[in-house]
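Please read the structure below before turning to the comments.
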Amino acid sequence: MPQALLYAAVTLAAFLGMEAFAWATHRWVMHGWGWVWHRSHHEPRAGWFEKNDLFAVVFAAPAVALFWLGAQPGLRWVWFAGLGVSLYGLMYAFVHDGLVHQRWPFRWVPKRGYLRRLVLAHKLHHAVATRHDAVSFGFLWAPDPQALKARLRASKAARS
């Protein structure tokens with residue numbers, strides 16, 4: 001396999017793997033023992049930052065480590081894993097913080113298509129103010145909003 005193809009495959013695999021990692025971390029850490037920080041993301045924000053933003057700092061450390069390790073002789077491919085992780089982080093910042101939560105100077109709300117589905121799925125995630133019974137834990141993969149609404153109704157009915 002040509003090196004360029006290998007590096008592209010590693011970058012893509014790391015990027016896609018990050019969505020699975022982000023889903024699991026969001027579901028089991030942020031809505032679990034990490035709720036101490038993540039709760040701020042489910043409450044009205046006062047100011048530019050929220051405690052939940054500390055997760056971005058924590059999650060940057062593995063990318064930095066991958067870049068450092070990938071700079072060592074014979075481990076160049078690891079640098080490209082760091083690139084995939086970093087590209088995912090940039091995409092997350094623009095899509096989640098910018099598009100969904102409007103934390104960037106631009107204000108654009110998609111009216112149709114996949115980006116609209118992504119925004120709706122995340123808004124349905126925020127329909128639950130507690131760490132329990134939330135839906136849609138991915139950041140770039142958005143389940144069908146109608147299915148998410150049905151799950152929310154079922155959770156609400158089960159609590160009643």
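Readers should treat all values here as calculations from the given coordinates under stated rules, not as data from a laboratory. Everything numeric here is computed off the predicted structure, so don't read it as measured data. Neighbour counts are summed over all protein chains in view; Cβ atoms, including those assigned to glycine, are modelled from backbone coordinates with ideal geometry.
Mind jotting down the distance between the C-alpha centroids of region 46-83 and region 130-153, whole Å?
Spelled out, the Cα-based centre of one part sits 28 Å from the other.
Treat the count of other C-beta atoms within 10 Å as a stand-in for reagent exposure and order L152, L118, L5 from fewest to most.
L5, L152, L118
What residue among V64, H38, A14 has its Cα farthest toward the positive end of the dipole of the chain, where the charges are +1 on Lys, Arg and -1 on Asp, Glu, each on the Cβ?
My answer, from the dipole projection, is H38.
When only Cα pairs under 8 Å and 6 or more residues apart are kept, what is the percent relative contact order across the chain?
With pairs under 8 Å counted, the relative contact order is 25 percent.
Among G32, G70, G47, which one shows the highest mean-square fluctuation when the chain is modelled as a Gaussian network with alpha-carbon springs under 10 Å?
G47
Springs between alpha-carbon atoms under 10 Å, Gaussian network over the chain: tell me which of P143, P105, P62 tops the mean-square fluctuations.
Top of the fluctuation ranking is P105.
Mind scanning K123/K156; K51/K156; K51/K123 and naming the pairs with a C-alpha gap bigger than 24 Å?
With Cα atoms farther than 24 Å apart: K51/K156.
Across the chain, where is the longest run that never hits trypsin sites (Lys or Arg not before Pro) in a DSSP loop with at most 10 other C-beta atoms within 10 Å?
In short, 1-106.
When the chain is treated as a GNM, springs tying every alpha-carbon pair under 10 Å, which of S86, S136, S40 comes out with the largest mean-square fluctuation?
The residue that fluctuates most here is S40.
Starting from the Cα gyration tensor of the chain, multiply each eigenvalue by 5, take the square root, and state the resulting semi-axes largest first in whole Å.
With the √(5λ) rule applied to the chain, the semi-axes are 31, 18, 16 Å.
Place a +1 charge on the Cβ of each Lys and Arg in the chain and a -1 charge on the Cβ of each Asp and Glu, then give the dipole magnitude about the Cα centre in debye, rounded to the nearest 20.
720
Show that you can apply the helix-only estimate: for the chain, add -39,500 (n - 2.57) for every DSSP H stretch of four or more residues, divide by all residues, and state [θ] at 222 nm to the nearest 500.
That calculation yields -18000 deg cm²/dmol at 222 nm.
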